[in-house]
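The values are calculated or read from the model by the stated rules, or taken from the named source; none is laboratory data. Not measured: the values here are computed from a predicted model. As a convention, Cβ positions derive from the backbone with ideal geometry for all residues, glycine included, and neighbour counts pool all protein chains shown.
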Amino acid sequence: MATIDLGKIKQVFRGTYDNSTAYVPDDLVVFTDTGVTSTYICTTATTGNNPSSGGTAHANWSYVAKGVADPIPTQSGNTGKFLKTDGSSLSFASAGGVLGVKETIIDELYNVAANDWTYIHSSFKIDYTATSATSHFLLEAYLALGMNSHDDMFSVNWFDSLKGTNASDKLFATSTASPGSRATGAFALQPGGAAVAAGWNNYWLSGQYVGVMYYPASSERSTNARSFYPCFLRNGYSSSVLKVNHNETNHIYGMIGRSVLRVTEIEGGIVQ
């Protein structure tokens, strides 16, 4: 009786492609081409011919299941972050867009007489090192303040050590309104003026808050260490003295307190 050779009656999986193995039609292999892993079927007997190159199948092979490049970027060094998309690609970012927060509490007592923008003391600051050169910073200060006269008025601003700590280095512009005889300030702190009863300043310790968003100029955008200093300017009353963390008069009716400085680093891409 005649014998009929039917050849293979089913495909044979040969595992990961081996360049030294002879393959025959209907052999199945797995092969990784430029980072993309796919499954192939041999169509013509072949040895030493990779199933594909640059995403194009060799003449002796055909795709059975063509893989795709992994769209997820490397996870190394991205602990605790999440994936975000810009509409065309993926990248890792910190949750909520907040890259870091630092706070310091200051107890020391200071007196400040500021004819021009002046920081309180070289240690009255908050040091911070950004994680990104394109970050924005939310600068916040809660200040315990007294003053020596009911005619006092002070304004607050900020210095960034990477820009400088001279009066001209203040981070935020002063008011552009016509001041008349008034001093031109930025963010007002204390109530003042002759309409307030004389003597209140002897005992008053007031909690004052200021918060403002800061985006450094291109020359100061970096991941170098920097220090933020609140700085102050008084009104035209030449005897004005700002009392930091204490009231004017050492009396049972007076009080000392604490001030808080905080910096929050925010991813630049989420700030509008």
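Please find, among Ser206, Ser222, Ser218, Ser239, the residue that is surrounded by fewer than 18 Cβ atoms within 10 Å (Cβ to Cβ) and free of Cβ contacts under 8 Å to residues at least 40 places away in the same chain. Among Ser206, Ser222, Ser218, Ser239, only Ser218 is surrounded by fewer than 18 Cβ atoms within 10 Å (Cβ to Cβ) and free of Cβ contacts under 8 Å to residues at least 40 places away in the same chain.
All told, Arg234 falls short of being basic (Lys, Arg), at pLDDT 95 or above and under 25 Å from Asn111 (Cα atoms).
Among the criteria (1) closer than 21 Å to Ser259 by Cα; (2) not in a loop (DSSP other than H, G, I, E, B), the one Asp152 does not fulfil is (2). In the set Thr74, Thr3, Thr44, only one residue is under 30 Å from the mean Cα position of the chain (by Cα) and either assigned to a loop (DSSP other than H, G, I, E, B) or in the same structural domain as Thr264 (by TED's automatic domain parsing) (or both); that residue is Thr74. Surrounded by 19 or more Cβ atoms within 10 Å (Cβ to Cβ), farther than 12 Å from Pro216 by Cα and modelled with pLDDT under 90 - does that describe any residue in segment 167-179? No, there is no match, as no residue in segment 167-179 is surrounded by 19 or more Cβ atoms within 10 Å (Cβ to Cβ), farther than 12 Å from Pro216 by Cα and modelled with pLDDT under 90.
Confirm whether Gly67 is of a type outside the set (Phe, Trp, Tyr), assigned to a loop (DSSP other than H, G, I, E, B) and within 30 Å of the chain's Cα centre (by Cα). Here the answer is no, as Gly67 does not meet what is asked.
For segment 243-272, enumerate the residues that are in a loop (DSSP other than H, G, I, E, B), hydrophobic (A, V, I, L, M, F, W, C) and within 29 Å of Ser135 (Cβ to Cβ). Steps first, answer last, please.
Residues of segment 243-272 in a loop (DSSP other than H, G, I, E, B): 245, 247-255, 257-258, 267, 271-272.
Filter once more, so that each one left must be hydrophobic (A, V, I, L, M, F, W, C): 252, 255, 271.
Selection gives Val271 alone.
Candidates Gly54, Gly35, Gly48, Gly77: the one that is free of Cβ contacts under 8 Å to residues at least 12 places away in the same chain, at positive phi and exposed (fewer than 13 other Cβ atoms within 10 Å of the Cβ) is Gly77.
Would you mind listing the strands (runs of 3 or more DSSP E) fully within segment 82-126 where at least 3 residues are more than 25 Å from the chain's Cα centre (by Cα)? Give the derivation first.
Numbers: elements: 82-85, 90-93, 98-106, 110-112.
Counting at least 3 such residues, we get 110-112.
Checked against (1) modelled with pLDDT under 95; (2) closer than 19 Å to Ala130 by Cα, Ser240 passes all but condition (2).
When restricted to residues that are among the acidic types (Asp, Glu) and under 14 Å from the mean Cα position of the chain (by Cα), segment 240-272 contains 2.
Can we say Asn245 is under 19 Å from Ser122 (Cβ atoms), in contact (Cβ under 8 Å) with a residue 40 or more places away in the chain and touching a Gly at 6+ places or on another chain (Cβ under 9 Å)? Break it down into steps so the answer makes sense when it comes.
Values: under 19 Å from Ser122 (Cβ atoms): yes; in contact (Cβ under 8 Å) with a residue 40 or more places away in the chain: yes; touching a Gly at 6+ places or on another chain (Cβ under 9 Å): yes.
For Asn245, the condition - under 19 Å from Ser122 (Cβ atoms), in contact (Cβ under 8 Å) with a residue 40 or more places away in the chain and touching a Gly at 6+ places or on another chain (Cβ under 9 Å) - is met.
With respect to Tyr128, determine if the residue is in contact with a Leu (Cβ under 9 Å, 6 or more places away or on another chain) and either among the charged types (D, E, K, R) or assigned by TED's automatic domain parsing to the domain that holds Gly207 (or both). Here the answer is no, as Tyr128 does not meet what is asked. Of the numbered criteria (1) modelled with pLDDT under 95; (2) part of a strand (DSSP E or B), the one Val29 fails is (1).
Any chance you could count how many residues in segment 199-237 are part of a strand (DSSP E or B) and either on the phi > 0 side of the Ramachandran plot or in contact with a Leu (Cβ under 8 Å, 6 or more places away or on another chain) (or both)? Can you show your working first?
Taking segment 199-237 and keeping what is part of a strand (DSSP E or B), we get 206-214, 225-234.
Next cut, either on the phi > 0 side of the Ramachandran plot or in contact with a Leu (Cβ under 8 Å, 6 or more places away or on another chain) (or both) only: 206-214, 226, 228, 230, 232, 234.
The total comes to 14.
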